[in-house]
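The values are calculated or read from the model by the stated rules, or taken from the named source; none is laboratory data. Because the structure is predicted, anything quoted here is derived from the model rather than measured. Ideal geometry is used to build each Cβ from the backbone, glycine not excepted, and the neighbour counts take in all protein chains shown. Keep in mind that these areas ignore ligands, DNA and RNA; they rest on the heavy atoms of the full protein, side chains included. Shrake-Rupley method; radii C 1.70, N 1.55, O 1.52, S 1.80 Å.
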Amino acid sequence: IVLIILFTIPVFGQNHLIGMKAGISWTNVISDNFLSDNDFRNGFIGGLTYEYEFKKKFHIGIDLVYAQKGFKNDIVFIDETGNPIGEKVSSDFNYDYLSPPITGGYSIGNNFAGFLNLGVVPSLLIKAEIIIPTFENIDGETFDITDKVTEFDLGGLIEIGASYKFKERLY
(Lines give C-alpha, C1' and ligand atoms only; values in the text may rest on other atoms or scores of the structure.)
Protein backbone atom coordinates (compact mmCIF):
# COMPACT_ATOMS: atom_id res chain seq x y z
CA ILE A 1 0.00 0.00 0.00
CA VAL A 2 1.46 3.30 -0.96
CA LEU A 3 0.30 6.76 0.10
CA ILE A 4 1.54 9.44 -2.25
CA ILE A 5 1.12 13.17 -2.09
CA LEU A 6 1.08 14.58 -5.62
CA PHE A 7 1.65 18.22 -6.50
CA THR A 8 1.55 19.26 -10.16
CA ILE A 9 2.02 22.59 -11.90
CA PRO A 10 1.01 23.35 -15.48
CA VAL A 11 3.76 24.17 -17.98
CA PHE A 12 3.92 24.52 -21.76
CA GLY A 13 0.12 24.95 -21.93
CA GLN A 14 -2.85 23.23 -20.42
CA ASN A 15 -2.09 19.68 -21.55
CA HIS A 16 1.36 19.16 -20.01
CA LEU A 17 1.79 18.73 -16.27
CA ILE A 18 5.05 18.30 -14.37
CA GLY A 19 5.44 17.99 -10.66
CA MET A 20 6.98 16.30 -7.67
CA LYS A 21 5.80 13.25 -5.75
CA ALA A 22 6.61 12.40 -2.17
CA GLY A 23 5.11 10.03 0.32
CA ILE A 24 5.52 7.06 2.59
CA SER A 25 5.09 3.38 1.87
CA TRP A 26 4.47 0.22 3.81
CA THR A 27 5.84 -2.85 2.05
CA ASN A 28 6.03 -6.51 2.97
CA VAL A 29 6.77 -9.86 1.34
CA ILE A 30 4.73 -13.03 1.03
CA SER A 31 6.90 -15.97 0.11
CA ASP A 32 7.34 -19.67 0.75
CA ASN A 33 11.08 -19.01 1.20
CA PHE A 34 10.65 -16.90 4.36
CA LEU A 35 9.06 -17.52 7.71
CA SER A 36 5.52 -16.23 8.10
CA ASP A 37 6.26 -13.69 10.87
CA ASN A 38 7.12 -10.78 8.58
CA ASP A 39 6.29 -7.16 9.36
CA PHE A 40 5.97 -4.12 7.11
CA ARG A 41 8.87 -1.81 6.35
CA ASN A 42 8.12 1.90 6.47
CA GLY A 43 9.88 3.71 3.64
CA PHE A 44 10.04 6.86 1.54
CA ILE A 45 8.91 7.35 -2.05
CA GLY A 46 9.74 10.51 -3.98
CA GLY A 47 10.56 11.84 -7.40
CA LEU A 48 9.40 13.72 -10.46
CA THR A 49 6.25 13.24 -12.51
CA TYR A 50 5.12 14.17 -16.03
CA GLU A 51 1.61 13.82 -17.45
CA TYR A 52 0.05 14.67 -20.80
CA GLU A 53 -3.72 15.18 -20.91
CA PHE A 54 -5.61 14.59 -24.16
CA LYS A 55 -8.73 16.62 -25.03
CA LYS A 56 -11.15 13.83 -24.08
CA LYS A 57 -9.91 13.62 -20.44
CA PHE A 58 -7.60 10.69 -21.16
CA HIS A 59 -4.02 11.08 -19.96
CA ILE A 60 -0.68 9.27 -19.99
CA GLY A 61 2.26 9.80 -17.68
CA ILE A 62 5.71 8.75 -16.65
CA ASP A 63 7.54 9.33 -13.38
CA LEU A 64 11.06 8.94 -12.08
CA VAL A 65 10.77 7.70 -8.51
CA TYR A 66 13.14 6.58 -5.74
CA ALA A 67 11.37 3.94 -3.61
CA GLN A 68 12.38 2.23 -0.36
CA LYS A 69 10.88 -1.26 -0.05
CA GLY A 70 11.44 -4.29 2.14
CA PHE A 71 10.22 -6.07 5.25
CA LYS A 72 11.18 -7.07 8.79
CA ASN A 73 11.62 -10.67 9.89
CA ASP A 74 11.56 -11.86 13.49
CA ILE A 75 14.25 -14.29 14.60
CA VAL A 76 12.96 -16.37 17.53
CA PHE A 77 15.58 -18.00 19.76
CA ILE A 78 15.10 -21.63 20.79
CA ASP A 79 16.63 -23.93 23.38
CA GLU A 80 18.45 -27.24 22.73
CA THR A 81 15.16 -29.11 22.28
CA GLY A 82 13.76 -26.65 19.71
CA ASN A 83 11.32 -24.86 22.00
CA PRO A 84 11.11 -21.03 21.84
CA ILE A 85 12.70 -19.34 24.86
CA GLY A 86 10.62 -16.17 24.45
CA GLU A 87 13.39 -13.92 23.13
CA LYS A 88 13.54 -12.55 19.62
CA VAL A 89 15.08 -9.82 17.46
CA SER A 90 13.86 -8.29 14.21
CA SER A 91 16.13 -8.17 11.17
CA ASP A 92 15.46 -5.51 8.53
CA PHE A 93 15.57 -6.44 4.84
CA ASN A 94 15.92 -3.10 3.01
CA TYR A 95 15.69 -2.73 -0.78
CA ASP A 96 16.04 0.63 -2.56
CA TYR A 97 14.83 1.00 -6.17
CA LEU A 98 14.77 3.56 -8.97
CA SER A 99 11.48 3.26 -10.87
CA PRO A 100 9.94 4.91 -13.96
CA PRO A 101 6.21 4.07 -13.56
CA ILE A 102 4.27 4.37 -16.83
CA THR A 103 0.55 5.14 -16.41
CA GLY A 104 -2.58 5.85 -18.38
CA GLY A 105 -5.95 6.92 -17.13
CA TYR A 106 -9.14 8.93 -17.28
CA SER A 107 -10.41 12.03 -15.45
CA ILE A 108 -13.99 13.11 -14.73
CA GLY A 109 -14.76 16.76 -13.91
CA ASN A 110 -13.13 20.15 -14.48
CA ASN A 111 -12.05 22.28 -11.50
CA PHE A 112 -12.75 19.45 -9.06
CA ALA A 113 -11.98 16.15 -10.78
CA GLY A 114 -11.68 12.47 -9.98
CA PHE A 115 -9.20 10.21 -11.74
CA LEU A 116 -8.27 6.57 -12.24
CA ASN A 117 -4.82 5.51 -13.47
CA LEU A 118 -3.48 2.07 -14.34
CA GLY A 119 0.14 1.34 -15.07
CA VAL A 120 3.26 -0.77 -14.93
CA VAL A 121 6.22 -0.13 -12.65
CA PRO A 122 9.58 -1.46 -13.83
CA SER A 123 12.17 -1.03 -11.07
CA LEU A 124 15.97 -1.26 -10.95
CA LEU A 125 17.65 -2.23 -7.69
CA ILE A 126 20.03 0.41 -6.29
CA LYS A 127 20.91 -1.16 -2.94
CA ALA A 128 19.89 -4.17 -0.83
CA GLU A 129 20.94 -4.88 2.73
CA ILE A 130 20.07 -6.90 5.81
CA ILE A 131 20.38 -5.17 9.18
CA ILE A 132 20.72 -7.46 12.19
CA PRO A 133 20.42 -5.56 15.50
CA THR A 134 22.63 -5.88 18.56
CA PHE A 135 21.38 -8.58 20.90
CA GLU A 136 22.80 -9.27 24.36
CA ASN A 137 26.58 -9.65 23.79
CA ILE A 138 26.33 -10.14 20.00
CA ASP A 139 27.12 -7.02 17.95
CA GLY A 140 24.66 -6.02 15.25
CA GLU A 141 25.78 -6.00 11.64
CA THR A 142 24.70 -4.71 8.24
CA PHE A 143 25.23 -6.99 5.27
CA ASP A 144 25.23 -5.69 1.68
CA ILE A 145 23.29 -8.25 -0.38
CA THR A 146 22.90 -6.18 -3.56
CA ASP A 147 24.68 -8.83 -5.66
CA LYS A 148 22.40 -11.60 -4.27
CA VAL A 149 19.04 -9.95 -5.07
CA THR A 150 17.30 -9.78 -8.45
CA GLU A 151 18.22 -6.44 -10.04
CA PHE A 152 14.89 -5.98 -11.87
CA ASP A 153 11.36 -5.92 -10.43
CA LEU A 154 8.09 -5.46 -12.31
CA GLY A 155 4.90 -4.39 -10.57
CA GLY A 156 1.45 -3.02 -11.28
CA LEU A 157 -0.09 0.28 -10.24
CA ILE A 158 -3.63 1.46 -9.56
CA GLU A 159 -4.18 5.09 -8.57
CA ILE A 160 -7.56 6.50 -7.58
CA GLY A 161 -7.81 10.10 -6.47
CA ALA A 162 -9.11 13.61 -6.81
CA SER A 163 -7.66 16.95 -7.83
CA TYR A 164 -8.66 20.59 -7.61
CA LYS A 165 -7.50 23.44 -9.88
CA PHE A 166 -6.92 26.64 -7.92
CA LYS A 167 -6.35 28.77 -11.03
CA GLU A 168 -6.92 28.23 -14.71
CA ARG A 169 -3.47 29.60 -15.59
CA LEU A 170 -0.23 29.94 -13.72
CA TYR A 171 2.16 32.63 -15.01
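Let's see how each residue does on (1) more than 23 Å from the chain's Cα centre (by Cα); (2) open to solvent by 80 Å² or more (accessible area, probe 1.4 Å):
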{"site": "Asn28", "(1), (2)": "no, no"}
{"site": "Gly61", "(1), (2)": "no, no"}
{"site": "Tyr66", "(1), (2)": "no, no"}
{"site": "Gly82", "(1), (2)": "yes, no"}
{"site": "Phe93", "(1), (2)": "no, no"}
{"site": "Leu118", "(1), (2)": "no, yes"}
Cβ pairs under 6 Å, 6+ apart, first in the range 103-124 and among the polar types (S, T, N, Q), second assigned to a strand (DSSP E or B) and open to solvent by 30 Å² or more (accessible area, probe 1.4 Å):
Ser107/Phe115; Asn117/Glu159; Ser123/Asp153
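Among the residues of the range 3-18, is any hydroxyl-bearing (Ser, Thr, Tyr), in a strand (DSSP E or B) and modelled with pLDDT under 80? Give the derivation first.
Filtering the range 3-18 down to residues hydroxyl-bearing (Ser, Thr, Tyr) leaves 8.
Cutting the leftovers down to in a strand (DSSP E or B) gives us 8.
Next, only the ones that are modelled with pLDDT under 80 stay: 8.
Yes - at least one qualifying residue is present in the range 3-18.
Taking the conditions exactly as written (at pLDDT below 90, under 20 Å from the mean Cα position of the chain (by Cα) and among the hydrophobic types (A, V, I, L, M, F, W, C)), does Leu98 satisfy them or not? Spell out the reasoning first.
Details: at pLDDT below 90: no; under 20 Å from the mean Cα position of the chain (by Cα): yes; among the hydrophobic types (A, V, I, L, M, F, W, C): yes.
It is false that Leu98 is at pLDDT below 90, under 20 Å from the mean Cα position of the chain (by Cα) and among the hydrophobic types (A, V, I, L, M, F, W, C).
Sort out which residues of the range 127-147 are open to solvent by less than 90 Å² (accessible area, probe 1.4 Å) and at pLDDT 90 or above, and write them in order of number. Walk me through how you get there before you give the answer.
From the range 127-147, those open to solvent by less than 90 Å² (accessible area, probe 1.4 Å) are 127-133, 135, 140, 142-143, 145-146; that's our starting set.
Lys127, Ala128, Glu129, Ile130, Ile131, Thr142, Phe143, Ile145, Thr146, listed by residue number.
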